[in-house]
1. Of the residues Ala173, Ala111, Ala134, which exhibits the maximal mean-square fluctuation in a Gaussian network model of the chain defined by a 10 Å Cα contact cut-off?
2. Can you give the relative contact order of the chain as a percent, counting alpha carbon pairs under 8 Å and 6+ residues apart?
3. Search the structure for amide H atoms under 5 Å from the amide H of Glu88, placed 1.01 Å from N in the peptide plane, and list their residues when 5 or more places away or on another chain.
4. Restricting the count to DSSP beta bridges whose residues both fall in the chain, what percent are antiparallel, rounded to a multiple of 5?
5. Mind listing the phi-derived Karplus ³J(HN,Hα) values for region 176-188, rounded to whole Hz, using 6.51, -1.76 and 1.60 with θ = phi - 60°, and x for any glycine or proline?
6. Please work out how much length the chain gains when fully extended from Arg175 to Glu77, using 0.36 nm per residue of separation minus the C-alpha to C-alpha distance, in nm with one decimal.
7. Could you do me a favour and compute the accessible area per residue for the chain, 1.4 Å probe, result in Å²?
8. Extent of region 142-187 along each principal axis, from alpha carbon coordinates, in Å, largest to smallest?
Amino acid sequence: MRKLIYYVAATLDGFIAGPDGQFDFFPFEGEPAKMIMTEYPETLPAHGRGPLGIADAPNRHFDTVVMGRGTYEPALEVGITSPYPHLEQYVVSATLDIEDPAVTVVPSDPAGLVRELKRRDGLDIWLAGGGKLAGALVDEIDELVVKRHPLVIGSGIPLFDGPYTLAAFTPGATRAFDSGLVVTTYVRAAAPAQGADL
């Protein structure tokens, strides 16, 4: 079965964007940029892939992306309605109205959407953000790949924004870069047996 993987950049204090959705403070250079272009090329939008020389790079991990309106909006603001044409694109929003056959707008029930996508054949599903959507999908997330930058911004959009709930993940592979970036994969922990202490 396909997995839902929350692949995302975050600050040390757990934010994925600033208070107004800004994310340009996350650096994209050197070895970390090379890692993304080589290992996760499908997570770069089409309008950036050409200038980087990876326009034809194959999808390595994902063939589907699920995102919230806030994650989708920066592309829309510059006139791009299909930022990831190399992926099957879903935007979860009750207010968005676009006419692009390459993008499916899902007004409600993101968990139902993800469960349906998991039943299909293909590569894994990329949860691109944002925090509210991640909070709504926390029970469906199978893995997290967190690119934690050595930055603190104090406030903004958190990694997860939802009601209080407990979800346990086990740290897996970790990769550190000279820039201070640390990329860690977390895998959903097995549920404890009934009556067992956490």
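The values are calculated or read from the model by the stated rules, or taken from the named source; none is laboratory data. Keep in mind it's a predicted model, so treat the numbers as computed, not measured. Please note: Cβ atoms are built from the backbone with ideal geometry, for glycine as well, and neighbour counts cover all protein chains shown. Areas reflect the complete protein model, heavy atoms only, side chains present, ligands, DNA and RNA absent. Shrake-Rupley method; radii C 1.70, N 1.55, O 1.52, S 1.80 Å.
1. Ala173
2. Reported relative contact order: 31 percent.
3. It is Thr64, Val65, by chain and number.
4. Once the DSSP bridges in the chain are tallied, antiparallel ones form about 40 percent.
5. Calculated HN-Hα couplings, in order: 10, 10, 4, 5, x, 5, 10, 9, 10, 9, 10, 10, 4 Hz.
6. Between Arg175 and Glu77, full extension yields 31.9 nm more.
7. Here the per-residue accessible area is 53 Å².
8. 36, 27, 10
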